[in-house]
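Worksheet: the structure to be examined is printed underneath.
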Amino acid sequence: MNILITWTNSGIWKALKESLWVNHNIFKVSKNQSDEDNFFQCDLTQNENIEKLDFSDTIFDMIIFNAGVWYYSWFFEQNLEHYEEIINLNLLSPIRLLKKLEHNIDKKTKIIFMWSIASKKFMKNGSVYLASKFGLRWFAWWLKEEWKKVYIINPKIVETDFHKWKIDLPENINVKSPLEIVKLVEDIISWKETRFEIDL
C-alpha cells in the first residue's frame, strides 16, 4: 500500500512510521527537513506551498492527516498569528491537501483524520483549538457521505511531547500509548475496524 502521512514532530507519527514502513510504502509531508525517501517538505499552513506539491502519478491507498498545533491559554493571551496557524494547519490544510490529491486517490482510498477527543468536548483555555477540531470533525462527517471510506480517531491524552509544558495533567489520567493508535490504523487497513469515529 502507498500511505501518505502528514506530520510535525509527533510521537504518533514516529510510531506509525516505524510500524507501517515494513509492509507499506510511506510518503511523508512536513515542514521539517528530512533526507528520508518519499519525503515532501511543505509548510501546510500555507496554501501556496500545498499547491506546489507534486506526487506525480502515485495513487495513495491511505491518507493519514496527523499534523496539528495548539496554544493553551486564555483567548486574549495569544496573538492572531497563533490562531491563524491553528486554523490553517488543523482545519484548512487537510481540506486543501485533499483537494490537491484528487488525482492521486481513487474510490478505494481510505482517509484517516488523527483527531482528538477535543472535537467532542468543551475545554477551558483552548477556544480556537477546539474550533478547529469541531470544524474538521463535521467536514469529515459530511465527507463520509460522499466518500464512504473516512475515519476519525479521537484519542485523549497520548504519550508524546504534544502537551509538554502546556497543561498540568492529573496524576491518575489514562494516558494512551501511540502504539494503541498504530493498532487501530492497522485494523483499518485490514478491515478489522470499520467504524467511522473511534474514541480512544
Checklist line | Filter pass, Asn25 being crowded, with 16+ Cβ neighbours inside 10 Å and more than 16 Å from the chain's Cα centre (by Cα) | finding: no
Note to self: Residue pairs, Cβ under 7 Å, 6 or more apart or interchain, first in the range 141-158 and surrounded by fewer than 20 Cβ atoms within 10 Å (Cβ to Cβ), second at pLDDT below 90 and of a type in the set (Phe, Trp, Tyr). List them.
What the structure shows: Asn154/Trp115
Note to self: modelled with pLDDT of 95 or more, of a type outside the set (A, V, I, L, M, F, W, C) and touching an Asp or Glu at 6+ places or on another chain (Cβ under 9 Å): which single residue out of Thr58, Thr109 fits that description?
What the structure shows: Thr109
Check: Does Lys108 meet the test of being within 16 Å of Phe139 (Cα to Cα), surrounded by fewer than 16 Cβ atoms within 10 Å (Cβ to Cβ) and out of contact with any strand residue (DSSP E or B) (no Cβ under 9 Å at 6 or more places or on another chain)?
Finding: no
Next item on the list: Take Glu18 and decide whether it is closer than 17 Å to Ser93 by Cβ and not in a loop (DSSP other than H, G, I, E, B).
Entry: no
Item checked: Test result for Ile63, in a loop (DSSP other than H, G, I, E, B), within 16 Å of Thr109 (Cβ to Cβ) and modelled with pLDDT of 95 or more -> no
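The values are calculated or read from the model by the stated rules, or taken from the named source; none is laboratory data. Because the structure is a prediction, the values reported are computed rather than measured. A quick note on method: Cβ atoms are made from the backbone with ideal geometry, for glycine too, and the neighbour counts reach across all protein chains shown.
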